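First up is the structure itself, then whatever we jot down about it.
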Amino acid sequence: MKLFLPLFLSVFFGLNTFAQQAKFYFEPDSIGITVASDVVDAPAELEIHSTAAADMTIKWQRYVLSMTGGCLTKVCDLNVCYPETFNSREFVISPNQTGPISVHLVNNNGNLCQGVVRLDMWNVEDADPIIVPSFFLFNATTSVNEIFKLDEVKVYPNPATEYFTIENENVARIRMTTLDAREVAAFDATQTKTFSLAGQTAGMYVLVMEDAKGKAIGVAQLDVK
């Protein structure tokens, strides 16, 4: 039986005001696409929109939160599709310009891949740069040619101090990572939907939600005070 590989893509903005201050935004804000496992290079594409009246220099930073061994990603901005080893670059976007920004899954071995990649972008010309975090998710299934959105997972309280709670019946496991992609905790969500933050330092974290089969089904950002 032929194996298939789906490519999940979700983009999450921490605060809407950040996107407005950054003077650019993405469309759509989330998308999922499915591709076969024998596809070597599969792009997941968003469109960046500038709302500025002058040229802006945008910097992007890629963080691989998790990825199946043997599978890679690469980023294409408005200038270039960079090799898999490039984690950060800059490009200039003109006033009111729109154009594609994509993260590609590179699968040279026909593996059944899954992983989570985050792409941050910000305007380097701001005196106090506003970082707009984005999350790109990839995962495995047995179907192809699907377009869908990831599960919505409610996380509260947020900011949190001693604990956080989730609302989604499909979540079986949660991986908690720092913004630089370092995993600091993992939670079994099959018995409870409330999780202790004892021992965690204050800061911003990413919660990667997985179902009982280990498929990533959603992401959320958590502010720990």
Original post:
Is it the case that some residue within the range 141-154 is in a loop (DSSP other than H, G, I, E, B), farther than 25 Å from LEU112 by Cβ and at pLDDT below 90?
Top reply: yes
Subject >> Extreme residue, modelled with the highest pLDDT, among residues of the range 188-225 that are among the hydroxyl-bearing types (Ser, Thr, Tyr) and out of contact with any strand residue (DSSP E or B) (no Cβ under 7 Å at 6 or more places or on another chain) >> reply: THR201
Original post:
Tally time: how many residues in the range 42-64 are part of a loop (DSSP other than H, G, I, E, B) and either of a type in the set (Ser, Thr, Tyr) or not assigned by TED's automatic domain parsing to the domain that holds VAL117 (or both)?
Top reply: 1
Subject >> Residue, modelled with the lowest pLDDT, within the range 21-39, restricted to residues that are under 29 Å from SER94 (Cβ atoms) and not in a strand (DSSP E or B) >> reply: GLN21
Original post:
Any idea how many residues of the range 40-51 are surrounded by 15 or more Cβ atoms within 10 Å (Cβ to Cβ) and either in contact with a Pro (Cβ under 6 Å, 6 or more places away or on another chain) or at pLDDT below 90 (or both)?
Top reply: 4
**OP:** Mind listing whichever residues of the range 89-105 are surrounded by 15 or more Cβ atoms within 10 Å (Cβ to Cβ), in contact with a strand residue (DSSP E or B) (Cβ under 6 Å, 6 or more places away or on another chain) and closer than 30 Å to MET209 by Cβ?
**Re:** ILE101, SER102, VAL103, HIS104, LEU105
**OP:** May I ask you to say which residue of PHE12, PHE18, PHE8 is closer than 25 Å to GLN221 by Cα, in a strand (DSSP E or B) and modelled with pLDDT under 90?
**Re:** PHE8
Original post:
So VAL64 fits all but one of (1) closer than 20 Å to VAL219 by Cα; (2) touching a helix residue (DSSP H, G or I) at 6+ places or on another chain (Cβ under 9 Å); what number is the exception?
Top reply: (2)
**OP:** Could you tell me which residue of the range 71-88 is surrounded by the most Cβ atoms within 10 Å (Cβ to Cβ), considering only residues that are at pLDDT below 95 and of a type in the set (S, T, N, Q)?
**Re:** THR73
**OP:** Could you list all residues from the range 161-184 that are assigned to a strand (DSSP E or B) and over 26 Å from MET121 (Cα atoms)?
**Re:** TYR163, PHE164, THR165, ILE166, GLU167, ARG173
Subject >> Subset of the range 169-205 that is within 22 Å of the chain's Cα centre (by Cα) and on the phi > 0 side of the Ramachandran plot - its residue that is surrounded by the fewest Cβ atoms within 10 Å (Cβ to Cβ) >> reply: GLY203
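The values are calculated or read from the model by the stated rules, or taken from the named source; none is laboratory data. Just so you know, these numbers come straight off a predicted model, no measurement behind them. Cβ atoms come from the backbone with ideal geometry, glycine included; neighbour counts cover every protein chain shown.
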